[in-house]
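The values are calculated or read from the model by the stated rules, or taken from the named source; none is laboratory data. Note that the coordinates shown come from a computational prediction; the quantities given were computed from them, not determined experimentally. With ideal geometry, Cβ positions are generated from the backbone for all residues, glycine too; neighbour counts draw on all protein chains shown. For accessibility, only protein heavy atoms count, side chains too; no ligands or nucleic acids. Shrake-Rupley method; radii C 1.70, N 1.55, O 1.52, S 1.80 Å.
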Amino acid sequence: MSALIKSILIAGLIYAVSLMVLKAQEKVLSPEEFFGFKPGTNRELINYEKLIEYLDTLDVKSERVKMIEIGKSPFDKPMYICFISSPENIASLDELKSLNKRLALDPEIPDDQRTELFGKGRVFVMAALSMHSREVGPSQSAPLIAYDLAVTTDENKLNWLENVVYMMVPCHNPDGMDMIVENYYKYKGTKYEGSDMPGVYHKYIGHDNNRDFVTLSQTDTRAIAAIYNKDWFPQVAVQKHQMGSSGVRYVVPPSHDPIAENVDASLWNWIGIFGTNMIKDMTSDSLAGIAQRYVFDDFWPGSTGTCVWTNVIGMLTEAANAQTATPVFIEPNEMSVVGKGLSEHKKSVNMPLPWEGGWWGLEDIVKYEISSTLSMLKTASSHREEILKFRNDLCRSEVNKGKSEAPFYFIMPLNQSDQSELAGTVNLLREHGISVFELKNELVLENVNYHKGDIVVPLAQPFRPLIKEIFEPQEYPLRHYTPGGEAIKPYGNTSWSLPLHRGVKSFEISVRSKELENSLNPIESDYQLKSEFEANQTIFLFTSRNNESYKAAFVAMSLGMQVKRLIRDVTFENELFPAGSFIIATNSYKDSLFNQLNISPVPLKQNLATDLEEIKMPRIALVESWFQDLDAGWTRFLFDDYGIPYSVLRPQDFEKANLKDKFDMVVFPSEGADIIKDGKFKRGENFYLSNYPPEYTKGLGIKGMDNLMNFLDNGGIIISWGESVPIFDNVLQIKVGNSDEVKEEFRLPFRNVADELTKQGLYCPGSLVKVELAGDNPLTWGMPEEAGILFQGSPVFTTSVPVFDMDRRVIAHFPEKDLLISGYIEKEETLANKSAMIWLKKGRGQLVLMSFSPQFRASTQGTFKLLFNSLLLKKLQ
């Protein structure tokens, strides 16, 4: 090495050290100095922008802190990881990141190299804070924790930072955080201080964002999942939440039964170690009311995202709520528990030190958050080498299971009914960090012919538990409180199998094949099924079997293109195109259309001459209440994703809305009928008031309902599903002429019999259930003869012979037996031959009613077409 190069390197090193010294000498402002109050102070909140500004300040002034952007929120706010560790670890983040990846994904590291990596590695602990934005405590505690770790001189904490890299996501949901803070200050000092924020605290999905970790439909969810699936591979992760006010004060791991059976036993043991240390350390900090094994199960991929299925020691904590930042007083005799893990609010093995009641506020929540976080870092530090070894041991173990235990592969044939969903599934699997391959040639396995281009997912991968979890039908692990006694009910839905939900055919292969393994090409970029067309080609045929064809049709109409539909099956160039297929005559925006698609249509030299009808974009009113209307939010997301324009109407808007002149159809997603009609919750025969200011609690009212019925009477179309359906299962009225006094009373020819079936034992918490579909009906165009619906137990329909100007058709019904496809159901036989989707006519008006959400959490692509066809339903003349 030349003397000049040596001099340059030495000068550079001196400069870098000087910068570090200068940085260390700069005064780091405390959170109280920066914000003007101490975060966590009752009745005070910081918003997302100020939180990030403070953490950026720590990044500039402390060598223990580094901020890295990881993505964007749905409203395009930047999202970050705030890394906190020793200066040496922060300076070596790239090297440690590569080391993490190798331990997580490489099962063939030689033993001597493994030992070296265990010595060099650090435990990365990821915390995603306040994904549910009204659960403000975790994000409000973030600057206090960051400041403490940035300036501490405590030898124990400095030792933790030598062994651990704390990865703090300051807020999982930046958009919602700002909404909640703005709403709190809007009402602070008024009678409505601490009231719930009207609407969803997110662009679309509000409280459902932890229900998105399999589908990964939202940009913020994808950013979080990528941390542990693709980028940083932390060994430990926690999701921090809050819960009701009148129960235990804090829930720590481990979770209650049932737990996911595809996850290795050793990982559950590590979760228990962290949780046991947490309750011990927090109790030592004089914090009462901490419980374990309580309420929350870890069977479904929501409590901890999907991280436990990717070999991460994944945990959930839950603190008791205040009224946002306003304290609440809890009387001792108001304290209650729900029975899963605690049957009384008394001292027990699951809650050794009960909280006795009194004032509870944001200041308390923040104390608990700080204590639990420090405990987690302490445990990770104490077991550093063990945890790093465990991560690679589990990688080795899962890969070996994939080579020695069935199933060995899942194969999705290239030839699918819905090609676009095959492409979507492949790209989603890659988003999860799963390796996906194409077959290079034909072969036979288990007496089935597989073809070139078929998609293969081997299970000899580190993320084998996740592959099994999202490919297999779910079978709820039924557990009981006592032998033969009451069953432990699921916390939430019980089905999420990607192929089954998406309508994609998949085969489980139970025989290992070297021939197959030698015939695989990796898919390493976005998977598309596109063909090249001549530049002057303008007319295209899109099969109605593909969901993406509907997207093409909606986008094309919005771009001013002519769109027609086949009204019956047509064979073209030896290929059958079913009724409902689209012919699109493109214009200068053709590239804009095709850039949004993963599949290619069939080019036509000219428009087909017969069996066509032109369609126009429907004018859609989408009903969304102010009551955290999650299903409406998911519907908005789907409509935006598929290029479907709509206008949001709140229930109170109906009184004055000009429905019949401005809209062709009104869509009621699954929201409580009593909320929509009356602005109140109803349980049984009792009504309950909400915690919203009064301007947000108005329902349709009498005048609004009259306006809706007038819309129907004038040929309007109403689409309703799930909880909103009972709006129409009553005696209804339509004005006769211009008189307010003369009204025609009628009852549509159907009944919701779900309450009767529940009394007979029907219980379905959210499972994929089989229905049979009516053929040759515009509402089922593009669908197979059978489909799986995400059914939650209600409503269920029976129909009857109509009178006067009414009619009905059953579009989908439950078969007599073998209904359950995935999940859990009790007394499924009560559903035999009942209806799940019906079409109704009243005069020129039409209604389409469904017992299920056809777009459920953007995860039931197999039933999207039932909604799309409903939106394209022709008006009656």
Taking the Cα-to-Cβ direction at LYS743 and at ASP94 and moving 7 Å from each Cα, how far apart do the two end points lie in nm? 7.2 nm
Based on DSSP H runs of at least 4 residues, each adding -39500 (n - 2.57), what is the mean residue ellipticity at 222 nm of the chain after dividing by all its residues, to the nearest 500 deg cm²/dmol? -9500 deg cm²/dmol
Just the number, please: percent antiparallel of the DSSP beta bridges in region 223-326, rounded to the nearest 5. 15 percent
Computed on alpha carbon atoms, what radius of gyration and Dmax characterise region 312-452, expressed in Å? 25.3, 71
Using a 7 Å offset from Cα along Cα-Cβ at THR610, what residues in region 570-585 end up with backbone N under 13 Å from the label point? 570-571
Toy charge model, Lys and Arg Cβ at +1, Asp and Glu Cβ at -1: the chain dipole around Cα centroid in debye, rounded to 20, equals 660 debye
Quick calc: nm separation of the 7 Å Cα→Cβ label points for LYS403 and GLN596 -> 4.7 nm
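Hey, got the dipole for region 530-634? About the Cα centre, +1 on K and R Cβ, -1 on D and E Cβ, debye to the nearest 20? Don't jump to the answer; show the numbers that get you there.
On the way: 10 positive and 13 negative charges, 43 e Å.
About 200 debye.
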Where both partners of a DSSP beta bridge lie in region 35-192, what percent of those bridges are antiparallel, to the nearest 5? 60 percent
For the chain, what proportion of DSSP beta bridges, expressed in % and rounded to the nearest 5, is antiparallel? 65 percent
How much accessible surface does SER404 have with a 1.4 Å probe, in Å² rounded to 10? 80 Å²
By how many nm would the segment from GLU826 to ASN518 grow when fully extended, if each residue of separation counts as 0.36 nm and the alpha-carbon distance is taken off? 106.4 nm
Dmax and Rg, reported as Rg then Dmax, of the chain (C-alpha, Å): 28.9, 103
Give the residue from LEU394, VAL448, LEU500 lying farthest towards the positive end of the charge dipole for region 385-504; charges sit on Cβ (+1 for Lys and Arg, -1 for Asp and Glu) and the dipole is referred to the Cα centre. LEU394
Most positive-pole-ward Cα, PRO174, LEU873, LEU58, against dipole of the chain from beta carbon charges: LEU873
For region 729-735, what does the Karplus curve 6.51 cos²θ - 1.76 cosθ + 1.60, with θ = phi - 60°, yield as ³J(HN,Hα) per residue in whole Hz, taken in order and with x for Gly and Pro? 9, 7, 6, 10, 9, 10, 4
Taking 0.36 nm per residue of sequence separation and subtracting the Cα-Cα distance, how much length would be gained by fully extending the chain between GLU785 and TYR192, in nm to one decimal? 208.2 nm
Estimated distance in nm for a label pair at ASP56 and LEU158, the labels positioned 7 Å out from Cα along Cα-to-Cβ: 3.1 nm
Sorted peptide list for 447-454, 168-175, 549-556, criterion being average Cβ within 10 angstrom, highest first: 168-175, 549-556, 447-454
Carbon-plus-sulfur fraction of the accessible area of the chain, 1.4 Å probe, in percent? 48 percent
Amide H contacts under 5 Å for VAL648, restricted to residues at least 5 apart in sequence or on another chain and with H modeled in the peptide plane, are LEU622
Taking only protein heavy atoms into account and a 1.4 Å probe, give the accessible area per residue of the chain in Å². 40 Å²
Send over the semi-axes of region 669-814's equivalent ellipsoid, whole angstrom and largest first, taken as the square roots of 5 times the C-alpha gyration tensor eigenvalues. 28, 23, 14
Peptide ranges 366-372, 469-475 listed from the most packed, as the mean C-beta count within 10 angstrom indicates: 366-372, 469-475
Is any residue of region 514-543 close enough, with backbone N under 20 Å, to a label point placed 7 angstrom from the Cα of ASN441 along the Cα-Cβ axis, and if so, which? 514-523
Within region 461-490, name every residue whose backbone N is under 20 Å away from a label modeled 7 Å from Cα of SER336 along the Cβ vector. 489-490
Cα centroid distance between region 543-612 and region 716-744, in Å? 36 Å
Between LYS662 and ALA774, 0.36 nm times their residue separation minus their Cα-Cα distance comes to what? 37.2 nm
Pairs LYS157/LYS346; LYS50/LYS186; LYS191/LYS680: which exceed 25 Å Cα-Cα? LYS157/LYS346
